[in-house]
1. Just a yes or no: is a residue in region 497-506 assigned by TED's automatic domain parsing to the domain that holds residue 403, touching a Lys or Arg at 6+ places or on another chain (Cβ under 6 Å), at pLDDT 90 or above and over 21 Å from residue 394 (Cβ atoms)?
2. Of the residues 104, 120, 92, which is modelled with pLDDT under 90 and either touching an Asp or Glu at 6+ places or on another chain (Cβ under 6 Å) or part of a strand (DSSP E or B) (or both)?
3. I'm told residue 441 meets every condition in (1) buried (at least 17 other Cβ atoms within 10 Å of the Cβ); (2) within 23 Å of residue 502 (Cα to Cα); (3) modelled with pLDDT of 80 or more except one. Can you identify the failing condition by its number?
4. Which helices (runs of 4 or more DSSP H) does region 170-281 wholly contain that include 1 or more residues that are within 30 Å of residue 149 (Cβ to Cβ)?
5. Within region 288-306, is even one residue surrounded by 10 or more Cβ atoms within 10 Å (Cβ to Cβ) and at pLDDT below 75?
6. If the Cβ limit is 7 Å and pairs must be 6+ apart or interchain, which residue in region 95-109 that is among the acidic types (Asp, Glu) pairs with which residue that is crowded, with 16+ Cβ neighbours inside 10 Å?
7. If you check 230, 295, which single one turns out to be touching a Ser or Thr at 6+ places or on another chain (Cβ under 9 Å) and of a type outside the set (Gly, Ala, Ser)?
8. Suppose we filter region 278-287 for residues that are surrounded by fewer than 16 Cβ atoms within 10 Å (Cβ to Cβ) and over 19 Å from residue 227 (Cβ atoms); how many remain?
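The values are calculated or read from the model by the stated rules, or taken from the named source; none is laboratory data. Predicted model, so just to flag it, every value in this text is computed and none were measured. Ideal geometry is used to build each Cβ from the backbone, glycine not excepted, and the neighbour counts take in all protein chains shown.
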Amino acid sequence: MFRLHILHGAACAQATAGVRLLRYLATRVGYRYGREVVAKGNPETLDMVAVGRTGRIGAPEADHAKRDSDPWAMIDVFPLPAFICGPDGALLRYNKRAEEMWGLAPETGKGHRFGGAYRLYNADDTPIPTKDRPVAQVLRTGTGIRDLELVIERRDGSRVRVLASIEPLFDENGAIVGAVNCMQDITMARRVENAWRESVQRLAATYAHAAIGITEVDEDGRLLRVNETTCAITGYSREELLGSSIFDITHPDDRDWDRDNHHRQAAGQAEGYVVEKRLIRKDGRVIWIDVRSSTVRDAAGRFLYGVRVVHDITDRKEAEQRQKLLLDELNHRVKNTLATVQSLATQTLRGAGSPEQFRRTFEARIVALSKTHDLLTTRNWQGAELEEIVAEQLKPYAMDPARLVLEGDAVALTPRAALALSMVFHELATNAAKYGALSSSEGRARVSWKSYRGENGERRFKFKWEETGGPRVAPPLRSGFGTLLMNRAFADVEGQSRLVHAPEGLRFRIDAPMSGRLGRLQ
């Protein structure tokens, strides 16, 4: 409650200002205020009423008389920094909190005008000259200022950010007799606000420009927010995505599982989940994405939205698929190679007259096979050139170019055909070096191949091995491993072969289509 005290005579003008001050100060801290005007005859001698608060407010009851005679005493117990200036801006009174804010205790009425701040700045840190301080403006215009943000600089260089509210004080004739300034320290509040604003801006920048897709979805899976990377991953614009369902562009085979998990998350049965799924881009291309979904809930635990971090893992998935295919292919090739080695060992053993002969022959055939493997490996097992295969098998018998001639078109063989033909060429070269044209100084070997079109327009391939000038050739009494190998090899590449033991030299010919298992012309 408020106790009303009647003031008379010379204290009237001061009381008027005091009432205004108390009303203003009470308003700033939420106090109720009151005023009572009692007429005592002549209207010009109205008694002015100042308001004092009963009870404990920082001053003992014994000080009531002092406060009653000095209505400005209320400022001393006011909970916010406050000060009063005269009509010329001279500092008349201030409380302890103002002294703490300024960092000094200026003497009143002696040189300090418009407050006790060492320096004063606008909210944007531009300096305010003394003559233009807000209190000076109020004294000039008679118009109050509310919640003006200012920066006070103390003598030690520290700064305090405040909200200032300034009211002019008038006498009973309406003349300005001073101004009262109330301040509220908002330094910490501004720091928190600025930190929050920077955090929001930083989060927004991270959200917008993150190298991964970030989306927010409602409980039904509709997109509420997407970033640029999400648009790049899906191929859709932001406008096309917002309001659509995340399940609309999910691959049909992955849709049910993803939807069930999202509904469980929205229902509070799970806080989030991780899934790798396929997504259908706007251009129709199917890609793989990694989705990590988490939940945002309100204080009551209700689902607000889900945050989904999306990463394009198509390259990784394709690499995994390639790796699987490579491992499967490697497994297949190893099995085939082991089968080939086993066959070579069995057939070599059958034709060998002694363990030493078996060792030499078997070792040579294994070396021939490994050389072709080396050629294929350098080309990532994509195939090999026919000329490379022939040259590699004849390299141990390098001699005068006139005695060993290689000529033909560029032909790329499949890995399967390259392995098969390399063994054939090895057998031909070994036989020529032991018994045929390459075993004598006068012998010659000509290896040629060419492409042509068959009767139905099919591209075909012819290969010839012709020996001359060597020892006379007689048909063998029995077919050896070389003959068996040649017949099997060209059946494998869908071709036909013919081996002729002519007296003047061995002849071997191949005729095969360029499609299918053999290879292709370049």
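1. As a first pass, look at region 497-506 and keep what is assigned by TED's automatic domain parsing to the domain that holds residue 403: 497-506.
With the extra rule that they be touching a Lys or Arg at 6+ places or on another chain (Cβ under 6 Å), the set shrinks to 498, 500, 503.
Add one more test, that the residue is at pLDDT 90 or above, and what stays is 503.
Checking which are over 21 Å from residue 394 (Cβ atoms) leaves us with 503.
Yes - at least one qualifying residue is present in region 497-506.
2. Working: 104 fails: either touching an Asp or Glu at 6+ places or on another chain (Cβ under 6 Å) or part of a strand (DSSP E or B) (or both); 120 fails: modelled with pLDDT under 90.
Unique residue meeting the criteria: 92.
3. Condition (1) is where residue 441 drops out.
4. Details: elements: 187-209, 228-234, 238-241, 252-266.
It comes to 187-209.
5. Scanning region 288-306, I find no residue that is surrounded by 10 or more Cβ atoms within 10 Å (Cβ to Cβ) and at pLDDT below 75, so the answer is no.
6. Once the first residue is among the acidic types (Asp, Glu) and sits in region 95-109, no partner that is crowded, with 16+ Cβ neighbours inside 10 Å comes close enough.
7. Residue meeting the stated conditions: 230.
8. Here the count works out to 4.
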